[in-house]
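Some notes on the structure that comes next.
The values are calculated or read from the model by the stated rules, or taken from the named source; none is laboratory data. Computed from a predicted model, the values in this text were never measured in an experiment. Reconstructed Cβ throughout: ideal geometry from the backbone, glycine too, with neighbour counts over all protein chains shown. Side chains are part of the model used for accessible areas, which takes the heavy atoms of the whole protein and leaves out ligands, DNA and RNA. Shrake-Rupley method; radii C 1.70, N 1.55, O 1.52, S 1.80 Å.
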Amino acid sequence: MAAPWEDVLRNEPAIQEAASVAVDAALLEGVLMRTEGEPNASDVVNYAPFTLLPSAVPSALFEQAYAVQQDFNLLVDAISQNKEFLECTLASTIKVDDFTARLFRIHMQVLEEGLAQSVFLGINRSDYMFDCGVDGTPSLKQIEINTIAASFGGLTSRTAAVHGRVLKVLGKSKEASRLLPNNPSKGLALGIAKAWELYGSQSAVVMFLVEEVQRNIFDQRCVENELWNRNIRVIRKRFRDVFEKGSLDDAKRLYMDGQEVAVVYYREGYVPTNYNQQNWEARLLLERSRAVKCPDIATQLAGTKKVQQELSQPGTLERLLPGRAEAVARIRATFAGLYSLDMGEEGDKIAATAIADPDRFVLKPQREGGGNNLYGEELRQVLEKIRDSPERTSYILMDKIKPQPAMNYLLRAHSPLQVSECISELGIFGVYVRQGKEMVMNKAAGHLLRTKAIEHADGGVAAGVAVLDTPYLV
Ligand code: ADP
Ligand code: MG
């Protein structure tokens, strides 16, 4: 899987020059983040971390990931409409995991009241690593699917240009011309625009629901700009604003400050720390409304690790996607081993196996955003402590994917340039829109490659571990 720049990796002067060009190109292209010190001001910004060189990605696996994305869109959408499936699958989890339980309660309350929403918009990102088999052949294995606040579709739309420049500086123009165009922010915006249009009120706005701390605002602005270009008005609000100024009318139309909201695009609300009592009330208000939520709470629940584990059980995919044998086969081919820790013999057995051989597994709680999973010795200790307690059912076990590392330089503001052994994770963005029972849009909207040094087991770009990258197909 080697990329054709092994020859320059140790050429220090060339690398130094390329790195300084790369940083300026990133700033020029808008691969930006606010700083840790001033996360809510744009007076001082810096480049988002990225690799100096594009990373090699096997083209067959890249194509496979694109080819299965529409199937995953259908699957997530089907799960979100299947009350019994979510109820059964999450039954053991919500007994011990308060966050999932609270989301689930809102889901049930909204269903009992009757759904006011009739247009549905899904934006997800399915993440993969390239597992290196015993014979060295890589295969595509899904890490997870993110059904809420999947990020970096904006910034990644601008990284290929930076890497193209770097390759040219290093005398590799031919390779530079092979980098693929990629614009998820446009695809995401097309989905939002379609949902806005179907909602059917010219004067209504799109509301980005954003966090209190907004370091990654430029990523969101890329999507926002695409909407303004289509003359769709965008407002940015926090849960706190919704609590203070949001209201529903008799037809459950959502208003913010007197403005009708057609679409609520969540870039917030996926971790427990996003919520206090007021924020939970704001979330409930939004979910009860007619506005198109991206995602609605059922779709957020469809992205839990517990649901992912249940999908790998024999027969589950067939039940969720009846009559779609080919889609089921494409989806299943991407699954790594996933194991339930529910109380009972099967759970006891896999817990014992993982305690005896922790390096084979990852222990995952029902959390998003990176930095929550447990590996190796820590996995063993935690699992040993909870092996006989129902607390273990708040986790799932997954086979650890072992990709082949490659050398690259990770560029981070205020960090010295040094070569690292790295592994990459490929994400494909999916977008779909459903009106009532009819799918009116179902697309793969682009990709994201993130790369990290192998010493970090966990964590994404926002968590400060991975950096943005561009695939170079081999
Ligand atoms: P989160 O929802 O917190 O992003 P993920 O399931 O995506 O959780 O895991 C976070 C990170 O941990 C991934 O980006 C990946 O680097 C690593 N990881 C997760 N699952 C596996 C696995 N099965 N094998 C190897 N690494 C994994
Ligand atoms: Mg993840």
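Rolling a 1.4 angstrom probe over the protein heavy atoms with all chains in place gives the stretch 337-400 an accessible area of 48 Å² per residue. What are the membrane-span-like helices in the chain by this rule: whole DSSP H runs, Cα extent along the axis at least 24 Å, mean Kyte-Doolittle hydropathy at least 0.0? The answer, listed by residue number, is 12-29. Counted over the stretch 337-400 with a bin width of 5 Å, the fraction of Cα pairs per bin, in whole percents, is 4, 20, 35, 28, 10, 2, 0. Candidate cross-link partners of K305 among the aspartates and glutamates, defined by an alpha-carbon separation under 17 Å and a same-chain spacing of 8 or more, comprise D77, E87, D97, D98, D127, E144, D342, E368, E391, D399, D458. Straight Cα distances below 30 angstrom link K168 to the lysines K186, K452, with same-chain residues fewer than 8 positions distant left out. Rolling a 1.4 Å probe over the protein heavy atoms gives the stretch 1-138 an accessible area of 43 Å² per residue.
In whole percent, how big is the carbon plus sulfur part of the accessible area of the stretch 170-270, probe 1.4 Å, protein atoms only?
Details: 1850 of 4370 Å².
C and S atoms contribute 42 percent here.
Express the relative contact order of the chain as a whole percentage, based on alpha carbon pairs under 8 Å and six or more residues apart in sequence.
It rounds to 26 percent for the chain.
For K172, the aspartates and glutamates whose Cα falls under 16 Å of its own Cα, not counting residues fewer than eight places away in the same chain, are E6, D7, E17.
Would you mind working out the magnitude of the charge dipole of the chain relative to its Cα centre, with +1 at each Lys and Arg C-beta and -1 at each Asp and Glu C-beta, to the nearest 20 Debye? Don't skip to the answer; put the middle values down first.
Numbers: 54 positive and 61 negative charges, 210 e Å.
Result for the chain is approximately 1000 debye, rounded to the nearest 20.
When each of the peptides 235-242, 396-403, 49-56 is scored by the mean number of other C-beta atoms lying within 10 Å of its residues, the order from highest to lowest reads 49-56, 396-403, 235-242.
Only helical runs count toward this figure. For the chain, summing -39,500 (n - 2.57) over DSSP H runs of n ≥ 4 and dividing by all residues gives -11500 deg cm²/dmol at 222 nm.
When only alpha carbons are used to place a centre, the stretch 123-192 and the stretch 402-431 end up 12 Å from one another.
Highest mean packing comes first when the peptides 108-115, 62-69, 182-189 are listed by Cβ atoms within 10 Å, giving 182-189, 62-69, 108-115. Each part gets one Cα centre, and for the stretch 8-47 versus the stretch 235-259 those centres are 38 Å apart.
Leaving ligands, DNA and RNA out of it, report the carbon-plus-sulfur percent of the accessible area of the stretch 337-400 at a 1.4 Å probe.
Numbers: 1360 of 3040 Å².
Summing carbon and sulfur atoms, their accessible area is 45 percent of the total for the stretch 337-400.
Packing, as the average of other Cβ atoms within 10 Å across residues, places the peptides 259-269, 2-12 in the order 259-269, 2-12, highest first. For the chain, the alpha-carbon coordinates run over 67, 57, 45 Å along the three principal axes, in decreasing order.
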